[in-house]
Amino acid sequence: MSAKITLTGASSACKASLSWQELPWQKMSRQVFQLQLRIAKAEREGRKGKVKALQRLLTSSFASKCMAVKRVTSSTGAKTPGVECAKHGAEVLGNKSDKV
């Protein structure tokens, strides 16, 4: 598809025309990484205002939102047991008021 995509612009018309698989993932990953580098550099230099502005840009950018969704949905951690599925002894799963 030859549609031009704007990764940080306000126009959502061209973003909707591409499917999830057609998004330029490498380009978006690089853009997010570059923003993270700029944030780290500004922090090292003590430029608090610049850090805040870049953090706002990173959290509101289309690329970072897509990368976050991709990371969460493609995670294999969903198959590992968490607190609810962990096997603990009865004292851990029991009522806290029983221990008092």
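The values are calculated or read from the model by the stated rules, or taken from the named source; none is laboratory data. Please read all numbers here as calculations on a predicted model, not as lab measurements. Heads up, the Cβs are rebuilt from the backbone with ideal geometry, glycines too, and the neighbour counts pull from every protein chain shown.
Total residues in the stretch 48-77 satisfying the condition of being β-branched (Val, Ile, Thr) and part of a loop (DSSP other than H, G, I, E, B): the figure is 1. Among the conditions (1) modelled with pLDDT of 90 or more; (2) surrounded by 10 or more Cβ atoms within 10 Å (Cβ to Cβ), the only one that residue 72 does not satisfy is (1).
Would you confirm whether or not the stretch 4-21 contains a residue that is in a loop (DSSP other than H, G, I, E, B), surrounded by 14 or more Cβ atoms within 10 Å (Cβ to Cβ) and at pLDDT 95 or above? Among the residues of the stretch 4-21, not one is in a loop (DSSP other than H, G, I, E, B), surrounded by 14 or more Cβ atoms within 10 Å (Cβ to Cβ) and at pLDDT 95 or above, which makes the answer no. When the stretch 30-47 is limited to residues that are among the charged types (D, E, K, R) and not in a helix (DSSP H, G or I), the one that is farthest from residue 61 (Cα to Cα) turns out to be 45.
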